[in-house]
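Trainee: Attaching a single structure in C-alpha cells format; questions to follow.
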Amino acid sequence: MPPFRFRLGSLEKFRRQVRERCQLKLAAAEADHQRLDSERRDVERQLVALRHAVRGSVGPGRVDVVRLASANDFESGLRAELERLDQRTSVLAAEVARCREAVVEADRDVRTLEKLRQRQHEQFQADERRAESKALDDTAVRHLRREPLA
C-alpha cells in the first residue's frame, strides 16, 4: 500500500505560514505598543520634574517671567506630545486587537486541518490493518486448502 499522503498538505502549510505572519505582526504591534507606553511614561516624568522645578523656583521676591513663560511653553509641548502618544496608542491598541483576532482565526484554521490530517491518517492506518489482516486470512485459507486434514 502506498504511504499516507494528506491531500490538503499544501493548504495546511499555507495556513501555517499565514499564522506565522500573523504572529509576527502581532509581536511587532505589541512591541510598538510597549514602546509608546515607555515614551508616555518618560513624558509624564518630564512633566512631573518640570512642575517640581517651577514650584521650587517660584517664591517670595523676584519672579523670572521669561523662565515661567518658557516652562509654560515646554509644559504645553509635553501635553501635546502626551495627546499625540495617546492617539497613537489607541490606534495601535486597535491594531493589536485585530492582530490577536487574526492569530486566533489562523490558529483555528491550522488546528482544523491538523485534526482532519489526524483523522485521515487514523483511517488510513485502520484500512492498512484491515488489508493486512485480509491478506493474512487469505494466505491462511489458501494454505489450509492445500493441506489435507488428518
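The values are calculated or read from the model by the stated rules, or taken from the named source; none is laboratory data. Remember, it's a predicted structure, so these values are computed and weren't measured experimentally. Because the Cβ atoms are built from the backbone with ideal geometry, glycine has one as well, and the counts that use them run over all protein chains shown.
Trainee: With respect to residue 59, determine if the residue is out of contact with any Cys (no Cβ under 9 Å at 6 or more places or on another chain), among the small types (Gly, Ala, Ser), modelled with pLDDT under 95 and loosely packed, with under 13 Cβ neighbours inside 10 Å.
Mentor: It is true that residue 59 is out of contact with any Cys (no Cβ under 9 Å at 6 or more places or on another chain), among the small types (Gly, Ala, Ser), modelled with pLDDT under 95 and loosely packed, with under 13 Cβ neighbours inside 10 Å.
Trainee: Determine which single condition residue 12 fails, assuming it passes every other condition in (1) more than 30 Å from residue 118 (Cα to Cα); (2) surrounded by 13 or more Cβ atoms within 10 Å (Cβ to Cβ).
Mentor: So residue 12 meets the others, but not (1).
Trainee: Can you tell me which residue within segment 97-150, out of those that are of a type in the set (Asp, Glu) and within 18 Å of residue 6 (Cα to Cα), is nearest to the chain's Cα centre (by Cα)? Break it down stepwise before answering.
Mentor: Applying the first criterion (of a type in the set (Asp, Glu)) to segment 97-150 yields 101, 105, 107, 109, 114, 122, 127-128, 132, 137-138, 147.
Narrowing further to those that are within 18 Å of residue 6 (Cα to Cα): 109, 114, 122, 127-128.
Numbers: 109: 14, 114: 19, 122: 31, 127: 39, 128: 39 Å.
That would be 109.
Trainee: How many of the residues making up segment 116-149 are in contact (Cβ under 8 Å) with a residue 12 or more places away in the chain and among the aliphatic types (A, V, I, L, M)?
Mentor: Selection size over segment 116-149: 2.
Trainee: It is to be established whether one or more residues within segment 104-113 are modelled with pLDDT under 95, among the polar types (S, T, N, Q) and either out of contact with any Cys (no Cβ under 6 Å at 6 or more places or on another chain) or farther than 30 Å from residue 24 by Cβ (or both).
Mentor: Looking for residues that are modelled with pLDDT under 95, among the polar types (S, T, N, Q) and either out of contact with any Cys (no Cβ under 6 Å at 6 or more places or on another chain) or farther than 30 Å from residue 24 by Cβ (or both), one finds none in segment 104-113, hence no.
Trainee: Answer with yes or no whether residue 94 is of a type outside the set (S, T, N, Q), at pLDDT below 95 and more than 30 Å from residue 134 (Cβ to Cβ).
Mentor: no
Trainee: For segment 98-150, enumerate the residues that are farther than 16 Å from residue 8 by Cβ, assigned to a helix (DSSP H, G or I) and of a type in the set (Asp, Glu).
Mentor: Within segment 98-150, the first condition is being farther than 16 Å from residue 8 by Cβ, and the residues that meet it are 98-105, 107, 125-150.
Going one step further and asking which of them are assigned to a helix (DSSP H, G or I), we end up with 98-105, 107, 125-146.
Once the filter is applied, which keeps residues that are farther than 16 Å from residue 8 by Cβ, assigned to a helix (DSSP H, G or I) and of a type in the set (Asp, Glu), segment 98-150 yields 101, 105, 107, 127, 128, 132, 137, 138.
Trainee: Failed condition for residue 71, given (1) of a type outside the set (Phe, Trp, Tyr); (2) farther than 30 Å from residue 15 by Cβ; (3) in contact (Cβ under 8 Å) with a residue 24 or more places away in the chain; (4) surrounded by 13 or more Cβ atoms within 10 Å (Cβ to Cβ), with all others met?
Mentor: Every condition holds for residue 71 apart from (3).
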